[in-house]
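Worksheet: the structure to be examined is printed underneath.
The values are calculated or read from the model by the stated rules, or taken from the named source; none is laboratory data. None of the values given here were measured: they were computed from a predicted structure. Cβ placement follows ideal geometry from the backbone for every residue including glycine, while neighbour counts extend to all protein chains displayed. Protein only, heavy atoms only, side chains kept; ligands, DNA and RNA dropped before computing areas. Shrake-Rupley method; radii C 1.70, N 1.55, O 1.52, S 1.80 Å.
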Amino acid sequence: MIELPELVAGGLAAGTLSALLLGGGLLRARRRQAALRVEVTELRTRLAGAEGAFVAEVEHLAARRMPAAAAQLTHPHLKMPGPVGRQTPGTPTGIALEYVLTALREELTAQRTRIDAAAQAGLRGATREIQAALYRLQDALRGLQQRYDEPELAQTLFALDHENEQSLRRAQVAAVVCGAWVGLAREESHVVDAVTGGQARLAGYHRVTVHNHLEPGTALVSHAAEPVAIIVAELLDNALRHSAPDTDVVVNLEHVHHGVCVTVDDAGLGMTQDERARAQRLVAGDDPILLTDLGDPPRMGLAAVGQLTRQFDLNVDLSSPSPYGGVRAVLRVDTHLLARIDPALRPPSASAPRSTRERTAVRPERARRPSAPEPPPTGPRTPAAPPVPAPAAEAAPPVPAPAEAGTGAEHERAPGQQDSGGLGGLPQRRRRTRPEAPEEPPRRPADARRPAEAAAALAALQYGTAAARAPKRADTPDPQRTDDEGGTAR
């Protein structure tokens, strides 16, 4: 039987052990609680930091990144600022922010497209009415030109018609940029006529020099004639505007492997690399053109070129500088847009420059042709240079003597008459007398014009082209100039 003191001692020992165990557990609980407090404090600090960083990213997104994304739609060369935190890209927050920017770009693009389409529709309707009114005014001016032949009034009507033609070109370009039809339907036309037709629509047309190296009869199909004229007019206008008024713009028409090229060279300031790249994007016509991308006021020339190159399968290149220091623009018309017109049945307009290939073909034939007396001139005679005397042993046929520049008169010896001696043995000049009854007047060379032909050419120049309807400047080269071989160049 266990005694009482032993039980008491055992109870005390058990109580002490329990107290020790409870004290140890309480101590461990307090330590764990303190650690949890520290961890909670750290988590709260980290959360506050993350919240601050997120707020800073959102503020940076709203203040700088979203405006930059909107501006980048119209100015692709602008750089987009990145997030504030270096660790943000790739994180869920960074991915979410990039998604916001992507959605913003898509929505802005859709809104700009809808707004621009509405603006283009309104401008297209306005330009259609303006074009119709200008065409009516053009018909009225041409009717007045045909009714009155007073020189001063005709010159005034030509000037008004040319101003009306320039206004019509601007309205036509605006309509083309807005997706409208070019506004004119032509038949098959000579390429050189399309080029000179575009030249005639400009105020500084007299500064343009056209060199035609095409085969005679090279023409454009009907649906490509007016687009080519519009493109040439805009390229020439760009060259004239960005070059000094005392310089010329040179145009060359040449055959290439894939068709025909119209090369425009100016001596202006040229373009920087960025400007050249932007101009090339516009004329390529690969991307849709918005009115808001054309500046204020909008510059629609190259945009219209881009629309036409895409619609009619033409090619324009502005990537090369001009050898004169300015810009070189090359329009290439592929073979499927070319046609053939018999130049004998439908010759080019009188104001169009003659083909150099035509001159090359005519000159050998003219060199082989025996000299023959020309019919007597009907106008007043003026003294000319003395002819070279023929040997006395053989009777030389009458040969027309070279006339002085600008007179057009010719003198020759009478058949069978020798030169009479003068001072120093020089021959005496005699007037050529009109034959009383010529049996058959000799024909003139093929490239020389008679007065009736010249009158017909001037009439075609007056009513057929806008260039001839403008008042002639003093520095405008005479289309009836005489070339080195004695032929007349158009």
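Things worth noting here:
- Conditions (1) open to solvent by 60 Å² or more (accessible area, probe 1.4 Å); (2) in contact (Cβ under 8 Å) with a residue 12 or more places away in the chain; number of the one not met by L43: (2)
- All told, L253 falls short of being of a type outside the set (D, E, K, R) and part of a helix (DSSP H, G or I).
- Residues in the range 293-333 that are without any contact (Cβ under 8 Å) to a residue 40 or more places away in the chain and not in a loop (DSSP other than H, G, I, E, B): G306, R310, N315, D317, S320.
- Per the listing A48, A53, A9, the residue uniquely touching a residue at least 12 places away in the same chain (Cβ under 8 Å) and either of a type outside the set (S, T, Y) or loosely packed, with under 10 Cβ neighbours inside 10 Å (or both) is A53.
- Check on A244, open to solvent by 20 Å² or more (accessible area, probe 1.4 Å) and in contact (Cβ under 8 Å) with a residue 40 or more places away in the chain: no
- Subset of the range 62-84 (residues that are closer than 21 Å to A277 by Cα, open to solvent by 80 Å² or more (accessible area, probe 1.4 Å) and not charged (D, E, K, R)): H75, P76, H77
- Scoring T309 on the criteria (1) open to solvent by 50 Å² or more (accessible area, probe 1.4 Å); (2) of a type in the set (S, T, Y); (3) within 15 Å of the chain's Cα centre (by Cα) leaves a single failure, condition (1).
- Criterion applied to A244, A203, A219, A185 was being over 30 Å from A121 (Cα atoms) and at pLDDT below 90, and the one residue passing it is A244.
- On the stretch given as the range 184-224, residues that are basic (K, R) and closer than 12 Å to A352 by Cβ total 0.
- Among (1) of a type in the set (A, V, I, L, M, F, W, C); (2) within 30 Å of V55 (Cβ to Cβ); (3) open to solvent by less than 60 Å² (accessible area, probe 1.4 Å), the one test that I95 misses: (3)
- The number of residues in the range 184-205 that are of a type outside the set (V, I, T) and within 18 Å of the chain's Cα centre (by Cα) comes to 11.
- Index of the failed condition, I130 passing every other in (1) under 26 Å from the mean Cα position of the chain (by Cα); (2) free of Cβ contacts under 8 Å to residues at least 60 places away in the same chain; (3) surrounded by fewer than 16 Cβ atoms within 10 Å (Cβ to Cβ): (3)
- Residues considered: Q155, Q146, Q87. Of these, the only one that is at pLDDT below 85 and over 26 Å from A279 (Cα atoms) is Q87.
Each row is one residue, and each column tells you yes or no for (1) part of a helix (DSSP H, G or I); (2) under 25 Å from V250 (Cα atoms); (3) hydroxyl-bearing (S, T, Y).
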site	(1), (2), (3)
E152	yes, no, no
N164	yes, no, no
G183	no, no, no
E187	no, no, no
V192	yes, yes, no
G197	yes, yes, no
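- Residue list for the range 331-361, restricted to those being touching a helix residue (DSSP H, G or I) at 6+ places or on another chain (Cβ under 9 Å) and within 24 Å of H258 (Cβ to Cβ): L331, V333, L337, L338, A339, P343, P348, A352, P353, S355
- Residue pairs whose Cβ atoms lie under 6 Å apart, sitting 6 or more positions apart in sequence or on different chains, and linking a residue in the range 168-190 that is open to solvent by 60 Å² or more (accessible area, probe 1.4 Å) to a partner that is assigned to a strand (DSSP E or B), are E188/A219; E188/A339.
- Residue pairs whose Cβ atoms lie under 8 Å apart, separated by 6 or more positions or on different chains, with the first residue in the range 108-122 and small (G, A, S) and the second open to solvent by less than 70 Å² (accessible area, probe 1.4 Å), are A119/L291; A121/C178.
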